[in-house]
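As structure tokens, the structure follows; a few thoughts come after it.
Please treat every number below as a calculation from the coordinates, not as lab data. The model shown is predicted, which means the values in this text are computed figures rather than measured ones. All Cβ positions, even for glycine, are placed from backbone atoms using ideal geometry, and neighbour counts span all protein chains on display.
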Amino acid sequence: MVVSMAGKSKGYMFTSKKISKYGIMSTVLGITSLAAFAAANVICFGNRGMAGERLGGVGLVALLFAVVCLAFSVKGISEKEDFQLFPRVGLALGIMALCAWGAIIYFGVTGL
């Protein structure tokens, strides 16, 4: 609320900012990628490390989701006339998902 020097209220200040569509999409993709990561790990531990081809395919699709999540979040952050909450959350989720899937691929390749 905007207040004048006399202490009287002049009304509300409205803004033309809106929620970023790219930010929402990046947040949803980041959540989806991290959920797929969690599900894949639970299934893999349940099968004593024998993941199979289908689970590997899920991992590659979730890795693609993480990369697209990063692209959408950068696009959303570059839009200055939109609110920045969802693009920044999407960026954080995308980085976490990319690091998680990258670690799984690294450990799988090196045999650790």
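Values for this structure:
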quantity: Out of Leu85, Leu29, sole residue that is among the aliphatic types (A, V, I, L, M), in contact with a Leu (Cβ under 9 Å, 6 or more places away or on another chain) and in contact (Cβ under 8 Å) with a residue 24 or more places away in the chain; calculated: Leu29
quantity: Only listed residue being under 27 Å from Gly108 (Cα atoms) and within 16 Å of the chain's Cα centre (by Cα), chosen from Phe72, Phe86, Phe37; calculated: Phe37
